Amino acid sequence: MLFRSPKLLIAASLLLATPILAFSQGGQNSADLADGESQYQLFCAECHDGALLEAPQRAAFDFYTPNRIVDALEFGSMATSGMALTRQQKRNVAYFLTGEQFDDSPAQAVSFSCDSSLGSGARLTQPVAWNGWGGGVGNTRHRAGESILTKGNVDQLELKWAFAYPDATRARSQPVVTEEVTFIGSQEGTIFALDNTNGCPWWTFSADAEVRGALFVDTDDQGVPETLLFGDFAGSAYAISAQTGELIWKREVHEHPQATITGSVIAHEDTLLVPVSSLEVLLAARVGYPCCSFRGAVVALSISSGEELWRTYTTDEPRPTILSTAGTQQFGPSGAPIWSSPTVDADRNLVYVGTGENYSSPANGYSDAVLAMDMASGEIVWAAQLTKDDAWNGACSRGTPNCPEEDGPDYDIGAAPILTRDGDGREIILVGQKSGMVYALDPANGGELIWEQRAGSGGTMGGIHYGMSTNGEKLFVGISDLPTNNPYNVGAAHPGVHALDVSTGEILWRNDLPNKCEEGPFLCWPGISAAVSSTSDLVFAGGLDGILRALDTDNGDILWETNTRQSFGLRNGIEAKGGSIESDGPVIVNGQVFITSGYEKWAESPGNVLLVYSLNGE
């Protein structure tokens with residue numbers, strides 16, 4: 001799979017990159033070691049010995065433990081690849097890659113070398129400053145009230161504290177921030193409540209699998225956190241106490257075995273809205289797999305009880321269609337997953353979601369579309385399809401029989417729709433697509449197109465991936481446009497940050513970022529895959545090169561930058577390393593900027609750190 005929408009992040013996980021480690025042969029079982037090498041050569045080496053650029057580099061897996069490799073192959077993001085291996089073979093692969101045996105003993109709790117200033121009996125009293133993926137239910141990613149940090153002093157930003165995740169090679173769960181604590185998930189599935197004075201854990205909670213999206217905080221009448229809501233990679237939604245981290249309820253949200261939650265959840269009143277995506281897009285690459293039976297969905301749950309209120313699918317129930325050239329039964333329609341956060345329109349009692357492509361033929365009218373659903377019933381009120389006849393799965397990039405006749409172009413909507421008002425007070429929905437196109441839709445007229453504009457060349461590795469930001473007058477668009485795009489890209493590449501007029505779509509300024517990459521083992525590129533965020537006069541963007549920048553909203557000039565692709569030493573008892581900034585955007589709160597750094601997939605630079613910058617580091 002050769003693209004980089006949220007789906008791509010899953011795809012890369014199936015391509016097991018491996019380090020070559022030097023280790024003593026003493027005490028090793030030579031038969032297990034030889035079998036592990038054999039299985040690796042059979043299932044992994046073709047992609048990860050340099051044949052596929054997008055596959056993670058071997059050096060990225062210097063951080064891996066054998067237990068983590070086995071877990072990923074058995075029930076994690078590489079489970080579809082692991083289906084061909086016995087349990088012992090998975091352990092042998094891990095043995096070959098790390099030089100260490102899989103450990104059956106129960107995992108020990110992580111002990112941190114720093115203490116939170118919040119005591120065990122402390123109670124949170126301050127309201128949420130940045131909630132969910134977009135900072136609020138409209139997903140604007142804009143902090144209108146930020147008055148401490150300005151273009152006049154942004155060059156004084158310095159590192160305040162850093163938090164290193166244990167046993168992690170990526171940091172991609174965007175933080176949710178109050179004055180007292182930062183709530184954030186992790187690759188190993190731990191939810192952390194971090195003390196904002198020093199970054200030390202106040203409490204932790206263990207989910208079943210990686211938590212990729214931002215948490216959403218349900219608050220009391222004063223805005224003080226009561227309940228944390230989130231989904232995990234295994235397809236379960238959770239509610240836990242924001243004060244103690246204790247589990248309130250947990251619910252599996254989809255019946256398909258390959259269903260997962262990659263997008264951030266969002267809530268309104270007593271309703272939690274959960275976007276559902278899937279790994280089946282990758283499993284379809286297998287010659288004998290009967291493709292495809294997953295269909296995207298939004299699931300609404302009661303925050304108070306966890307009870308399912310409604311479920312709306314993005315395709316009809318898949319039915320048998322044709323036999324593949326390999327003689328395997330095909331099914332359709334399927335797919336149209338939802339990779340990103342829903343957006344709430346409280347005035348109209350609607351929720352807006354962006355969908356991905358269909359997995360199999362026939363393509364339907366709800367793929368690559370913005371769907372408006374009734375918040376009370378889940379009924380689809382209107383649909384605005386941005387790309388028609390888009391059916392694609394992993395078989396298309398590998399040339400195996402399950403590729404549908406449409407064969408792409410795989411133009412997911414990976415960025416959450418933005419609901420805002422332009423300078424004239426007109427409500428507008430802003431949508432970015434992997435195609436490199438930006439669209440403005442009219443929520444008052446069934447999603448009718450207002451304008452469209454090309455911001456980047458787009459393609460499987462280009463265009464808009466995770467999110468844009470707006471102040472109501474300008475729309476700030478991050479463009480990736482990697483040079484490894486496929487033939488679906490159009491025109492010149494524009495890796496960088498660009499500003500469009502919200503009312504008309506006119507391009508107001510462009511900043512094609514300079515390439516400051518040095519030669520190394522990992523992919524480095526100045527493009528912006530991660531979401532961008534803004535204040536009244538600043539727009540912040542983190543790059544695939546690991547550089548976090550602040551730009552002037554008036555003209556796009558770079559006012560401050562820092563390279564996060566480095567070691568930050570020992571933090572909370574763990575080595576902290578930054579790398580590529582892939583998905584999560586900057587969070588801006590009261591003069592501070594929060595950013596995660598590190599992503600080991602797609603040949604990018606691994607890392608395990610949450611960084612917090614403030615004026616003069618205070």
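Since every read-out is calculated from the coordinates, none of them should be taken as a lab result. Keep in mind it's a predicted model, so treat the numbers as computed, not measured. Neighbour counts run over all protein chains shown; Cβ positions are idealised from the backbone, glycine included.
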Projected-area average for the stretch 371-436 over all orientations - Cα convex hull basis, square nanometres: 6.5
Report the normalised scattering of the chain as log10 I(q)/I(0) at q = 0.06, 0.08, 0.11 Å⁻¹, calculated by the Debye formula with identical scatterers on the alpha carbons. -0.28, -0.50, -1.01
Check: the chain dipole with +1 on Lys, Arg Cβ and -1 on Asp, Glu Cβ, in debye: 800
How big is the C-alpha Rg of the stretch 222-265 next to the rule-of-thumb value 2.2 N^0.38 Å, as a ratio? 1.29
For the stretch 349-412 versus the stretch 282-310, the gap between their alpha-carbon centres in whole angstrom: 14
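Return an integer: the convex hull volume of the alpha-carbon atoms of the stretch 273-403, in Å³ per residue.
Convex hull volume per residue, Cα atoms: 101 Å³.
Hey, could you get me the Stokes-Einstein D for the stretch 157-264, Kirkwood radius over alpha-carbon pairs, 20 °C and 1.002 mPa s, rounded to whole µm² s⁻¹?
Answer from the Stokes-Einstein relation: 151 µm²/s.
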Suppose every K and R has +1 on its Cβ and every D and E has -1 on its Cβ; what is the size of the dipole of the stretch 274-364 about the Cα centre, in Debye to the nearest 20? 280
Grab the eigenvalues of the alpha-carbon gyration tensor for the stretch 400-485, scale each by 5, take roots, and send me the semi-axes largest first in whole angstrom. 27, 16, 9
Relative exposure of 70, 274, judged by other C-beta atoms within 10 Å (fewest first): 70, 274
Roughly how far apart, in whole Å, are the Cα centres of the stretch 506-567 and the stretch 208-254? 31
The distance between the Cα centres of the stretch 426-484 and the stretch 114-149, in whole Å, is 27
What nm distance separates the two modelled labels at residue 156 and residue 101, each placed 7 Å from Cα along Cα→Cβ? 5.9
Charge dipole of the chain about the Cα centre (unit charges at C-beta), most positive-ward option of 294, 499, 227: 294
Just the projected area, averaged over all directions, of the convex hull on the alpha carbon atoms of the stretch 461-520: how many nm²? 5.2
Over 32 Å between alpha carbons, listed pairs 434/474; 250/601; 90/250; 90/434; 474/577; 90/388: 90/434; 474/577; 90/388
Rounded, prolate or oblate: pick one for the stretch 498-567, where a ≥ b ≥ c are the square roots of the eigenvalues of its C-alpha gyration tensor, a/c under 1.5 means rounded, and failing that, prolate if a/b is larger than b/c, else oblate. prolate
Explain nothing, just the number: relative contact order of the chain, from Cα pairs under 8 Å at least 6 residues apart, as a whole percent. 14
If you add up the charges near residue 227, with Lys and Arg at +1 and Asp and Glu at -1, over every other residue whose beta carbon is less than 10 angstrom from its beta carbon, what do you get? -3
Just want to confirm a number: the relative contact order over the stretch 282-352, from Cα pairs under 8 angstrom separated by 6+ residues, in percent. 30
Evaluated over the stretch 528-613, the Cα radius of gyration and Dmax, each in Å: 12.8, 42
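Averaged across orientations, what area in nm² does the convex hull of the alpha carbons in the stretch 278-330 project?
The number I arrive at for the stretch 278-330 is 4.5 nm².
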What is the spread of the Cα atoms of the stretch 199-316 along each of their three principal axes, largest first, in whole Å? 53, 32, 18
From DSSP H assignment alone, runs of 4+ in the chain each adding -39500 (n - 2.57), the sum over residues rounded to the nearest 500 puts [θ] at 222 nm at -2500 deg cm²/dmol
What order do you get for 291, 396, 517 when you list them from fewest to most C-beta neighbours inside 10 Å? 517, 396, 291
